[in-house]
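Q: This is the structure I want to talk about, given as structure tokens.
The values are calculated or read from the model by the stated rules, or taken from the named source; none is laboratory data. The structure presented is a predicted model; accordingly, all values stated were derived computationally and were not measured. Counting neighbours? That spans all protein chains shown, and the Cβs are built from the backbone with ideal geometry, glycine included. The protein model used for the area step is the full one, side chains on, heavy atoms only, and it has no ligands, DNA or RNA in it. Shrake-Rupley method; radii C 1.70, N 1.55, O 1.52, S 1.80 Å.
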Amino acid sequence: EDLKNYTWPDPANPRLLDPIKSLCEEYQDDYFIMVDLSSTLIEAAYAHIVGTQKFFLMMFDEPELIKGVLDGLTEYYTELGRNVAKLGVDMIRVGDDVGAQQSMMLSPEQWRELAKPRLDYMFSEFRKINDELFIKLHSCGDYSPIIPDIVDLGVDLCGLMQPTGGNKDQKAIKAKFGDDLTFIGGLDVQNLLPRGSVEVVRAGVLDVMKNLGVGGGYVFSPAHYFLADVSIQNVWALYEAVQDYGVYGKYPLD
């Protein structure tokens, strides 16, 4: 009954769309403009609507309720994304954290049942408005088992490649999927950045670039936010290493 009586937000809300419209009108000719819809589907359901513990229990105890929540989110974000695409943005980012430290938060089979068809519908609707629209799909944690599915969905950019679980094997992932996906991220922020020396940080930046950047199709980024335990020396070392190693044509990544 709560779900039936729930009023979803308005995907045509001027408070959301008017600032994007203004940005596109002013900067579209000079900048690549991305709009972030995060959190979008599974994450929005467990983190913002149902509650994390309840969501993962109700997947089995009340599956129709969970499907109803996901259908409502799909309808809302699909229409919001369509409205954004009409404004002329270049990329839509969909954020959906389904990865934990050593595995996914739900099984790949459950993700393929609950998320994949809804994301497929969402992305197809976006591209009906603009068939050249770029789509970025984000997840924290280990989402390596569904990377082939992300390719199937026609995603252009995938990250943030936290080096946890199956995501640790960056060279193998790049070799298998590098022709189909551009990866972003990959630099460890849990151990390397807070605990490594300046020299270790520089070496880590270069390693990630060698693993994911060779042949193109990579955007360097830390695998998550800088937190307070990262020294300014290491932040600066990262920045300088990117300037030294990470410019295509300057460092021989090929």
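Q: So which lysines can Lys168 reach, going by Cα to Cα under 20 Å and dropping same-chain residues fewer than 8 places off?
A: Of all the lysines, those that pass the test against Lys168 - Cα under 20 Å, at least 8 places apart if same chain - are Lys176, Lys210.
Q: Using only Cα atoms, locate the centre of the range 5-83 and the centre of the range 171-213, then give the distance between them in Å, rounded to an integer.
A: Distance between centres, Cα-based: 30 Å.
Q: List the pairs from Lys4/Lys54; Lys67/Lys171; Lys54/Lys116 whose alpha-carbon separation is above 28 Å, in the order I gave them.
A: Beyond 28 Å between Cα atoms: Lys67/Lys171.
Q: Here's something else I'd like to know. Which value in Å does the Kirkwood hydrodynamic radius of the chain take, with 1/r averaged over all unlike C-alpha pairs and then inverted?
A: With all distinct Cα pairs of the chain included, I get 19.6 Å.
Q: When the helix-only estimate is applied to the chain (DSSP H runs of n ≥ 4, each -39,500 (n - 2.57), divided by the residue count), what is the mean residue ellipticity at 222 nm, nearest 500 deg cm²/dmol?
A: -14000 deg cm²/dmol
Q: Rounding to the nearest 20 debye, state how big the charge dipole of the range 84-163 is about its Cα centre with +1 on each Lys and Arg Cβ and -1 on each Asp and Glu Cβ.
A: The calculation lands at about 200 debye.
Q: A follow-up question, please. With loop defined by DSSP as not H, G, I, E or B, and exposure as at most 13 other Cβ atoms within 10 Å, which is the longest segment of the chain clear of exposed GluC sites (Glu not before Pro)?
A: 2-131
Q: If DNA, RNA and ligands are ignored and the probe is 1.4 Å, what is the ranking of Trp111, Trp8, Trp236 by accessible area, most exposed first?
A: Trp236, Trp8, Trp111
Q: Compute, for the chain, the length of the dipole vector about the Cα centre, with Cβ point charges of +1 (Lys, Arg) and -1 (Asp, Glu) only. Units Debye, rounded to 20.
A: Rounded to the nearest 20 debye, it is 480 debye.
Q: As a test question: what accessible area, to the nearest 10 Å², does His224 have when a 1.4 Å probe is rolled over all protein chains in place?
A: 70
Q: Hey, any idea what the orientation-averaged projected area of the convex hull of the range 1-102's Cα atoms comes to, in nm²?
A: Its Cα hull, projected and averaged over all orientations, spans 8.0 nm².
Q: Take the range 159-254, drop everything but the C-alpha atoms, weight them equally and run the Debye formula without solvent; then report log10 I(q)/I(0) at 0.21, 0.26 Å⁻¹ to two decimals.
A: -1.02, -1.43
Q: Under a straight-distance cross-link criterion of Cα-Cα below 24 Å, which lysines are reachable from Lys21, leaving out those fewer than 8 residues away in the same chain?
A: List returned: Lys86, Lys128, Lys136.
Q: Ok, one more. In nm, what is the difference between 0.36 nm times the number of residues separating Asp61 and Ala12 and their Cα-Cα distance?
A: 14.2 nm
Q: So, one more: With a sphere of radius 11 Å drawn around the Cβ of Leu3, what net charge do the other residues whose Cβ falls strictly inside it have (Lys, Arg +1; Asp, Glu -1)?
A: Charge balance near Leu3 sits at -3.
Q: Taking the DSSP beta bridges in the chain as the whole, what percent of them are antiparallel, to the nearest 5?
A: 5
Q: Taking the Cα centre of the range 33-135 as origin, sum charge times position over the Cβ atoms of Lys and Arg (+1) and Asp and Glu (-1), and report the length of that vector in debye to the nearest 20.
A: Approximately 140 debye in magnitude.
Q: Sorted from largest to smallest, which semi-axis lengths in Å does the alpha carbon gyration tensor of the range 160-208 give for its equivalent ellipsoid, taking the root of 5 times each eigenvalue?
A: For the range 160-208, the ellipsoid semi-axes come out as 22, 11, 8 Å.
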